[in-house]
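Each reported figure results from applying straightforward, stated rules to the coordinates on display, with no laboratory input. The model shown is predicted, which means the values in this text are computed figures rather than measured ones.
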Amino acid sequence: MKASWKWLLYTSMGLGLLLVLGGVALAMFSDISVSMGVRGVQIIAGIIGLGLLLLVPSKILLTLLLMKQKSTEQPANSKG
């Protein structure tokens with residue numbers, strides 16, 4: 001069960017990163033914001049926003065991995 005959650009988090013992070021990079025590429029290298037006007041800007045902002053939303057689990061995953069690493073290191077470093 002743990003492996004499926006980890007796979008889901010990594011997939012979410014990867015998809016989020018791709019959406020953010022794709023949205024930035026659309027903004028920089030295409031004229032969608034000029035040719036479509038406000039609607040083009042909304043599309044680009046929606047793509048980037050969805051990508052950022054999918055990147056949120058990456059912060060949770062990194063926090064959990066850091067906490068797990070600290071908890072395994074702590075008994076070895078304690079001088080009690």
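Results, tabulated for the structure shown:
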quantity: Whole-Å semi-axes of the ellipsoid equivalent to the stretch 20-65 (Cα gyration tensor, √5λ, descending); calculated: 29, 10, 4
quantity: Coarse-grained scattering of the chain at q = 0.14 Å⁻¹, given as base-10 log I(q)/I(0) from a Debye sum over alpha-carbon atoms; calculated: -0.61
quantity: Stretchable slack from Leu64 to Thr11, in nm (0.36 nm times residue separation minus alpha-carbon distance); calculated: 17.4 nm
